[in-house]
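Only one structure is covered here, and it is reproduced in the block below.
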Amino acid sequence: MRILQSLALLAIAWAFDAPAYAQGSISDLPRKQTLIVENPEGTVKNAGWFNIWAVNAGGQSTGLHQLGMDTFWYIDPNSGVDGVWDNSLASEKPIYNADFTEMTVKLRKGIFWSDGVEFSAADVMYTIETHMKTPGLRWSAAVQVNVAGITAPDSSTVVFKLKKPNSRFHALFTVRWNAMWMMPKHIFEKAGDLIKFAFDPPVTLGPYVVHSYDPNGKWFIWRKRPDWQRTTVARFGEPGPTYVAYIDPGPPDKRVIAQLNHELDIIHDTSPEGMFTLAKQSKTSRGWFKGFPYAHPDPTLPMVIFNHQNPLFKSRDMRWALALLIDMKAVSMASYRGAATISAIGVPPTGRYPEYYHEPMEAWLKDFEIDTGKRKIKPYDPTVGKQIADMLRPSMGDQIPTDPKEVAKAFGRGWWKPDQQAATELLERAGFTKRGNEWFTPDGKRFTIRITVEGDLRPVMTRAGSMIAQQWRQFGIDATTVVAQGSLLDRRNSGDYEVIISWAVETWGGHPDLSFFLDSWHSQFIAEPGKPQPPRNWSRWSHPELDKIIEQIRSIGFDDPKGIELGKEYIKLVAREMPTIPLMAYNVFTVMDETYWTGYPNAETAPYTDPVPNWANTKYMMVKLKPTN
Amino acid sequence: MARVLFDLLRFNREFTAGIILLGFVVIFAGLSFVSPYPPNDSYVVPFDLPPSWTHLLGTTSRGQDLFWLLTFAIRNTLLFGLTVAVISRILSLTIGLIAGYAGGIVDRILMSINDTFIVLPLFPILVLFYFVMRDSMSWVLLALVMACLGWAYDARLIRSVSMSLRTREFTETSIFSGMPMRQILVQEHLPFVMPIVFSTTMNNINWSIGLEVTLSVLGFTDINTPTVGVLIYWANQHTALVAGVWWWIFFPVALVIITFIGLFLLAVSMNEFIDPRSRLSRIGN
Amino acid sequence: MHGYPAYLIGRLGQFLLVVFIGINIAFIVTHATPIDPVEQTISAATQYGATSPEAIAMMRQSLKELYGLEGTLLEQYATFWRRIAVADFGPSLSAFPTPVSVLIWRALPWTVGLLTVSTIITWCVGNLLGGLAGYYLRSRTLRFAGILAMALHPIPYYIVAFVLLIVFGYLWPILPLSGGSRMNLPHEFSLAFIGSLALHSILPILSLVLGGLGGWFMGMRSLVSNVVTEDYVVYAELGGVSPRRILGSYVMRNSLVPQVTGLAMSLGAIFTGAIITEQVFGYPGIGTLLVAAVHVGDYSLVLGITTVSILAVSLAVLLIDLIYPLLDPRVKVS
């Protein structure tokens, strides 16, 4: 009897809930005014923590840094709403003195915090001074290393005095994924110990405020500020969605199902197969490219990274041999099902980089020669991208572009031609020997390589690593993959690997300056074996010529046209030395559902920003989104 | 012995069915030795082909022939499950029977050890073991660790049966007639716990294979050795379930089910064969 | 002292010993992780944005000081026990400075609720079916049920869960895909919230029941077939007691004793959460917390969860052992 009673109660409860459920997974919010976005951080352990200045105490891409935060400048990974560079809280570009020891920032007027207090130079002063005197905040070290002092001549000007010349100091305040955010002085000065202050609810500079969140960290809902006009994005219009929900939709398969049910407007990333399923089954789903390869190429360059502190990889000939054993077409198929944008050179083929670097370097690459000891070969095959497109055309049909320009944009240009003969000659020149079908190192041991891959957190990289291991294995090298899972970062940072599939190159995307990653490749930063290496020179490779290039870049301004020329010198150097084998862009299968919203960024007609929703730069997407009728 | 087997095959339909099913699985696993493809090579056949005459079980999104891949996977998985089961059975039987029979301080000490193993949470230990072993992680190592972690629960179960057997008359009789403990345990008590041993063995194999799959799904596995778990791992990496490549998941699971039904039928018929009811009547006489 | 009090004291001593050894092993194991929480924090904080290499070293040092990781392992061990004494696990290293206990308490109700219900359902149904199947060995229906249960049993739980999700979340979308309740619904005692809670728990519970049934079924079946041979059952049969009564009053009751032990242990073991369930159904709980903590080397959090789990399981085992002599009069207290 009691069972019947509870069943009846359950049925009633269902009856109450079911009609509401049919409208979607969010209660009491108009679905048509709500944008539902995947937060790739997953479940946030400490949901009620919005103090982003305390290191990693809570979530970051829960909407907090996309919708709530603001700082001086943004650089777009693609073309930008109004150019690549956007003056956000600043009204002009950074103004340096002649020897780069002083940076002046002019602030925009009429910008308000969400609680109605006006943003001013006092907030900037407070933010910087707090970081100078409080160790352990996210940007404390970066400020303490650089800043000698800060002054505010008036309420809309601040002047940074630097400890030593730094022509890229503004990078600290320039959003590329994130940057140092401004703190509300009037809240934090009363907060006591900043490291223990949760900042809940957050007072924001961005156009949204927190509406509600799950104490268990599965979802965060943001509401448009009624005074959105007093925020920096108002220059581009009104943000479309009244509500934005950042949720944890679960594993890749589930994200696909959720979008097929129209309950997830933007998938951050899924597998290539998941993308194809969506493209096939949902008329409203679209990627960055309208057709194949769909994915957004992030301005990062996954590569085969050798550990240069391991004597095995000392020889340039050997590294080149390993590169010539890779068949890029097969790697592209295995990792991305062909939906990869390949790059033979040391910068990612994304954003505006193809026009800055890849196109101009093409002629040099075609003539580029390496010496195998027996002969000289020209290893570059400019048609690899086209070959991938041709290979896919029979099964993908019209989706595959035919215009060479479009092909180059989607699939990349050339890559190194697989050449086992040359690889044999190079390995022999480096002292390796082949007995039977097996290769041996110069000191007579079996030639084994362990390729460390991340595992299921980045399936495509794992898939690429497995394919490369297979290709090396088939040549007679004992190559296998090792799944590092959570220990990947530790192993990569402490140099505890032989070969790793990861990226040591990341760029601004829209802006040609390479200092973003290249500065850290200077030999001065190389850690001793076993000690952690600061980002991003994971291979711990150094070269006197590289140091010279880096030092020259430091001495010129951010927008100096000489930057591109120096960048090309770097590219030539790494092509000759092959310290890492560049593979392709990190293509992110961000899928957008146009059932409720249109105006998402895309490669063909609106490359105004990166759709990958954990980028703080996606705040510009909000002003372009319009409800579907 | 041969006669018994023959009779079982003839008269006990469950035994026959169990043998046929298990035989099928074993032969299938044995085919891995004549596989035309090395198990780790991908893109050797066209990908995503549904089952057909050329590719009996279809091909995976990694361009592998599922039939041949599965022969390796089921072989490794069965070996893994059996290794765990055999080692952990030896531990749990020895400790369970002795503790239950001896009682007193021996029981207390053995059960303290036993309980320590019961209370330790498995998952963090296995994952940390994975992190510590790193590149040398293999299924043999994992099997050893799981065997060491997987005996305690059943030892407790066996102990409780053994405790109640200790109070039975025939035990007292045996003691009075001067039988040594080892003999009492092996000859008198073991047959009574055999049904439990059979059922816990199956549960144990199931548990270890299930845990192997769980660890694989979470990515804590050596992806260079094909097992059912690694197969599912790769299927997941290619979102096979939503991409419509159902055979990639279906056939491995079907094969695991066949194995277990075979084991179950075998266990059931074996239980009937050594039915304590008939043994009891023998003792009674 | 003799009899029960002596047994009680001895057993309590064993409990304390087991807990002590267990927690020590957990301490050693969790601290053996090669993942450094400071490196994880730094990597996460600097992964995509602009960073200057000089700043990293400084950041590393100040984080070590902040997290209190400066001391030797021995000092950390002493601190750990001092804190345990006041039921505190210190701050989490991946959500610093939030205390580990706060994080655990936030997730625990979900885990305990879901797993208690599903464990009890599984246990009841599994034992009932197993008992019947073990007693009526010749019944065709029950043999078939047995084979069905056994066919379902070995399917990897992940697959069971995912197939259910695809069937009821996508092909015939009548149940929610994800979460513990609808988004934007306040966690309060209201019909809407409780209804939503129930609705969201159907698939997780169903999958756990389907996945766990076979184990209890199999165990009970063999226990019953064992008890059936005991003298009192044979006499009862000969004496013409109705099979129903024999099954209910004699066989089931006596076979259940070891199964109750199993139930207690399963209930104790729920404190590490149901990792795959939480992952597949996006259900909040301890499992997600544990996996996340392991991934980022937050050994404070792993140790906290592990300690709670060790305590729960040993308490369950202790209780069962204390009740056992009272339940089964045949077991003499030695």
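The values are calculated or read from the model by the stated rules, or taken from the named source; none is laboratory data. Only a predicted model underlies this, so the values are computations on that prediction, with no experimental measurement involved. With ideal geometry, Cβ positions are generated from the backbone for all residues, glycine too; neighbour counts draw on all protein chains shown.
Values computed for the structure shown
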{"read-out": "Selection count where residues are part of a helix (DSSP H, G or I) and either under 20 Å from A:Pro348 (Cα atoms) or polar (S, T, N, Q) (or both), scope segment A:359-378", "value": "8"}
{"read-out": "Residues of segment A:457-476 satisfying the condition of being farther than 16 Å from A:Tyr336 by Cβ and under 18 Å from the mean Cα position of the chain (by Cα)", "value": "A:Leu457"}
{"read-out": "Residue tally, condition of a type in the set (Lys, Arg), in a loop (DSSP other than H, G, I, E, B) and surrounded by 15 or more Cβ atoms within 10 Å (Cβ to Cβ), over segment A:163-197", "value": "1"}
{"read-out": "Within segment B:34-54, considering residues that are surrounded by 13 or more Cβ atoms within 10 Å (Cβ to Cβ) and under 17 Å from A:Ser395 (Cβ atoms), the one nearest to the other protein chains (Cβ to nearest Cβ)", "value": "B:Tyr43"}
{"read-out": "Residue count for segment C:78-97, restricted to those that are in contact (Cβ under 8 Å) with a residue 12 or more places away in the chain and assigned to a helix (DSSP H, G or I)", "value": "2"}
{"read-out": "Among the candidates B:Ile113, B:Ile98, residue that is over 30 Å from B:Ala29 (Cβ atoms) and away from every other protein chain (no Cβ under 11 Å)", "value": "B:Ile98"}
{"read-out": "Among (1) in contact (Cβ under 8 Å) with a residue 40 or more places away in the chain; (2) among the aliphatic types (A, V, I, L, M); (3) within 7 Å of another protein chain (Cβ to nearest Cβ); (4) closer than 20 Å to B:Ile118 by Cβ - the single one C:Leu17 does not satisfy", "value": "(1)"}
{"read-out": "Filter pass, B:Leu122 being facing another protein chain (nearest Cβ under 7 Å) and within 19 Å of B:Ile87 (Cβ to Cβ)", "value": "no"}
{"read-out": "Hits in segment A:69-91 - residues which are charged (D, E, K, R) and at pLDDT 95 or above", "value": "A:Asp70, A:Asp86"}
{"read-out": "Unmet criterion (only one of (1) in a loop (DSSP other than H, G, I, E, B); (2) surrounded by fewer than 20 Cβ atoms within 10 Å (Cβ to Cβ)) for A:Arg393", "value": "(1)"}
{"read-out": "Residue tally, condition in contact with a helix residue (DSSP H, G or I) (Cβ under 6 Å, 6 or more places away or on another chain) and of a type outside the set (D, E, K, R), over segment C:1-30", "value": "11"}
{"read-out": "Residue that is free of Cβ contacts under 8 Å to residues at least 24 places away in the same chain, more than 12 Å from chain A (Cβ to nearest Cβ) and assigned to a helix (DSSP H, G or I), where the choices are C:Leu164, C:Leu148, C:Leu132, C:Leu114", "value": "C:Leu148"}
{"read-out": "Residue, surrounded by the most Cβ atoms within 10 Å (Cβ to Cβ), within segment A:594-629, restricted to residues that are farther than 26 Å from A:Met461 by Cβ and among the charged types (D, E, K, R)", "value": "A:Lys619"}
{"read-out": "Single residue of C:Val313, C:Val317, C:Val302 found to be closer than 20 Å to C:Arg106 by Cα and either part of a helix (DSSP H, G or I) or within 14 Å of chain A (Cβ to nearest Cβ) (or both)", "value": "C:Val302"}
{"read-out": "Segment C:290-313 residues that are on the phi > 0 side of the Ramachandran plot, paired with ones that are assigned to a helix (DSSP H, G or I) (beta carbon under 7 Å, 6 or more apart)", "value": "C:Gly297/C:Pro37; C:Gly297/C:Gln40"}
{"read-out": "Segment C:170-184: number of residues that are surrounded by fewer than 22 Cβ atoms within 10 Å (Cβ to Cβ) and either among the small types (Gly, Ala, Ser) or part of a loop (DSSP other than H, G, I, E, B) (or both)", "value": "5"}
{"read-out": "Qualifying residue in segment C:46-56 (condition: within 14 Å of chain A (Cβ to nearest Cβ) and under 34 Å from the mean Cα position of the chain (by Cα))", "value": "no"}
{"read-out": "Strands (runs of 3 or more DSSP E) enclosed by segment A:544-624 - at least 3 residues per element that are closer than 30 Å to A:Trp222 by Cα", "value": "A:586-588, A:591-593"}
{"read-out": "Cβ pairs under 8 Å, 6+ apart, first in segment C:266-282 and free of Cβ contacts under 8 Å to residues at least 40 places away in the same chain, second charged (D, E, K, R)", "value": "none"}
{"read-out": "Qualifying position, being at pLDDT 95 or above, surrounded by 15 or more Cβ atoms within 10 Å (Cβ to Cβ), more than 24 Å from A:Trp472 (Cα to Cα) and within 20 Å of the chain's Cα centre (by Cα), among B:Thr77, B:Thr71", "value": "B:Thr71"}
{"read-out": "Candidates A:Ser539, A:Ser487, A:Ser502 - the one that is part of a helix (DSSP H, G or I), within 30 Å of B:Phe129 (Cα to Cα), of a type in the set (S, T, N, Q) and under 24 Å from the mean Cα position of the chain (by Cα)", "value": "A:Ser487"}
{"read-out": "Pairs where the first residue, in segment A:372-393, is touching a residue at least 40 places away in the same chain (Cβ under 8 Å) and the second is acidic (Asp, Glu) and outside any loop (DSSP other than H, G, I, E, B), C-beta under 6 Å, 6+ apart", "value": "A:Thr372/A:Glu425; A:Gly373/A:Glu425; A:Lys374/A:Glu425"}
{"read-out": "A:Ser271 in contact (Cβ under 8 Å) with a residue 24 or more places away in the chain, within 14 Å of chain B (Cβ to nearest Cβ), more than 26 Å from A:Thr383 (Cα to Cα) and in contact with a Leu (Cβ under 8 Å, 6 or more places away or on another chain)", "value": "no"}
{"read-out": "Residue check, A:Val460 more than 10 Å from every other protein chain (Cβ to nearest Cβ), β-branched (Val, Ile, Thr) and crowded, with 24+ Cβ neighbours inside 10 Å", "value": "no"}
{"read-out": "Selection count, segment C:245-293, where residues are of a type in the set (Ser, Thr, Tyr), in a helix (DSSP H, G or I) and either within 14 Å of chain A (Cβ to nearest Cβ) or under 30 Å from A:Ala57 (Cα atoms) (or both)", "value": "3"}
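Let's see how each residue does on (1) surrounded by fewer than 24 Cβ atoms within 10 Å (Cβ to Cβ); (2) modelled with pLDDT of 95 or more; (3) more than 7 Å from every other protein chain (Cβ to nearest Cβ); (4) within 30 Å of C:Ile166 (Cα to Cα):
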{"site": "A:Pro215", "(1), (2), (3), (4)": "yes, no, no, yes"}
{"site": "A:Arg223", "(1), (2), (3), (4)": "yes, yes, yes, no"}
{"site": "A:Trp228", "(1), (2), (3), (4)": "yes, yes, yes, no"}
{"site": "A:Pro239", "(1), (2), (3), (4)": "no, yes, yes, no"}
{"site": "A:Pro251", "(1), (2), (3), (4)": "yes, no, no, yes"}
{"site": "A:Ile257", "(1), (2), (3), (4)": "no, no, no, yes"}
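Every residue, every condition in (1) within 9 Å of chain C (Cβ to nearest Cβ); (2) over 22 Å from C:Ala32 (Cβ atoms); (3) part of a helix (DSSP H, G or I); (4) of a type in the set (Phe, Trp, Tyr), yes or no:
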| site | (1), (2), (3), (4) |
| --- | --- |
| B:Tyr153 | yes, yes, yes, yes |
| B:Ser164 | yes, yes, yes, no |
| B:His189 | no, yes, yes, no |
| B:Trp207 | yes, yes, yes, yes |
| B:Gly210 | yes, yes, yes, no |
| B:Asp222 | no, no, no, no |
| B:Trp234 | no, yes, yes, yes |
